[in-house]
Amino acid sequence: MFPFWFGANATLYSFLVGFLGIAVLRLPMDLAVEGVVLGTVLGSIPFALLSIVGPATGYPQIAQSRSSFGRRGAYLPAALNWFSTTGWSAVTFILGGLAFSLFLPIPFALGVAIFAVIQFVVAFYGHNFLHRFEQVMALILVGVFAVMSVVAVQGATAAAYAPSGGGIAGFAFMTILAASIPLSWAPYAADFSRYLARDTARPRVFVPAFLGMAVACIWVEAIGILVTTSLVSLRDPVLVFSHAFGPELVVPLLLLLVVNLLAANAPNLYSSGLSLLALDIPVKRGSSVLVGGAIATVLAVWGGTDRISFYKSWLFFVEYWIAPWAAIVLISFFVFRRRGAEPSPDTAPPWRVSAIAAYIAAVILAVPFMNRAPRFVGPVSSALGGVDLSNLISFAAASLLFYALTSRVERRSRATVDHPLVSESEP
């Protein structure tokens, strides 16, 4: 588990989070690194806990959440996850299209189209090879990041970067951005642990998953912070990455970036198909790739005009919907399953009203705590100086509401069994 999750997150996606902390939030380096550490730890804990669900149930993550939300109720997280995987493909297409447009050079939209076509071909004809190739590419990229660590430290010590952001709000934003990477993997967590033996000890699942995720994210995001301080004038993450070793190695780094992005999107395409299956949509994998890829291409061309804002907004969207979902699945599995109250996914009732009600209520309760300036700033966030606490609120609210509502249903069920005559006479 450690090599898989380490390799999956020692990528440009993590590098981008560090870039945002400097180029967009303009934080001091030490504050940005502290936000990365705190956010990554907070996001990796629920992710690693959800990894335990895999060997215990043998189900993919979204399919397993049917036991929490009901067979039909789980359509909501399944649809949101399918849209999330489509959005992550769009982010990949943006980065790949930009790399192509810089390398050839060609218009950005044409670069996106070329990258998307190559991704489709690979997805259709080279899927199994791609998984093996991804492992090799991960090792190469880890080597690049290892050398880049030395260059980053040297460049940061001589950089003339002048931070203009900071404070509690800036630290909170950095923490949320860092937490969004491990949380974005939460709907896939059990997908890649479910083939472990059912009796695998929980610490042997939790610890490697947590460390693989946390070590990779903190390391690469810290590199992104340090490199960007010396190249902040470039104002684009792909340019910052490709110029990390100077102008002489820009072309090799751009080629490495394109190939790595093609490989990195493979798990995303895999989980996208699983989400459609959880929606009970009888679609073949090829059709799923085409539909999702077409939508991702449109999103990439549209979002690429302001790609930094698009990526930041996507990270926030991912956290907004995943945090309360993860809370409900964790409470359902670790609290109620132990009591024998949680049904298996295949035998779950069509709807679990307690989960759906808790989820919707938690999202609504979190809205006043959101800060998506300049589009929307909730009144509580505004009163707190712009701090966005929505994810903590939604996670806590979903946990408490789901626990309270489900406990109430349990008590009523026990009362019906213990006093059948009384329950039959009730209206």
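The values are calculated or read from the model by the stated rules, or taken from the named source; none is laboratory data. From a predicted model like this one, the values you see are computed outputs, not experimental measurements. When we count neighbours, we look across all protein chains shown, and the Cβ atoms used for this are built from the backbone with ideal geometry, even at glycine. What goes into the accessible areas is simple: the full protein's heavy atoms, side chains included, and nothing from ligands, DNA or RNA. Shrake-Rupley method; radii C 1.70, N 1.55, O 1.52, S 1.80 Å.
Screening the chain for whole DSSP H helices of 30 Å or more along their axis (Cα) with average Kyte-Doolittle hydropathy at least -1.0 returns 29-57, 75-103, 127-158, 202-231, 307-331, 390-418. With the simple model of a label 7 Å out from the Cα in the direction of the Cβ, PHE83 to VAL147 spans 4.3 nm. Between the C-alpha center of the stretch 162-236 and that of the stretch 60-83 there is a gap of 24 Å. Averaging the inverse of every distinct alpha carbon separation and then flipping it gives the Kirkwood radius. What is it for the chain, in angstrom units? After inverting the mean inverse Cα-Cα distance, the result is 22.3 Å. In terms of its C-alpha gyration tensor, the stretch 61-191 has an oblate overall shape, because the principal axis ratio a/c (a ≥ b ≥ c, square roots of the eigenvalues) is not below 1.5 and a/b does not outweigh b/c.
Between LEU31, ALA116, TYR188, the Cα set farthest toward the positive side of the dipole of the chain (charges on each charged residue's Cβ, about the Cα centre) is that of TYR188.
Rolling a 1.4 Å probe over the protein heavy atoms of the chain, with every protein chain left in place, gives an accessible area that is 71 percent carbon and sulfur. Here the dipole of the chain is about 700 debye; that uses its Cα centre as origin and unit charges on the Cβ of Lys and Arg (positive) and Asp and Glu (negative).
Model label sites at SER382 and ASP306, defined 7 Å from Cα along the beta-carbon direction, differ in position by 2.0 nm. Build a GNM of the chain with springs between Cα atoms under 10 Å apart, and of THR229, THR57, THR40 the one that fluctuates most is THR57.
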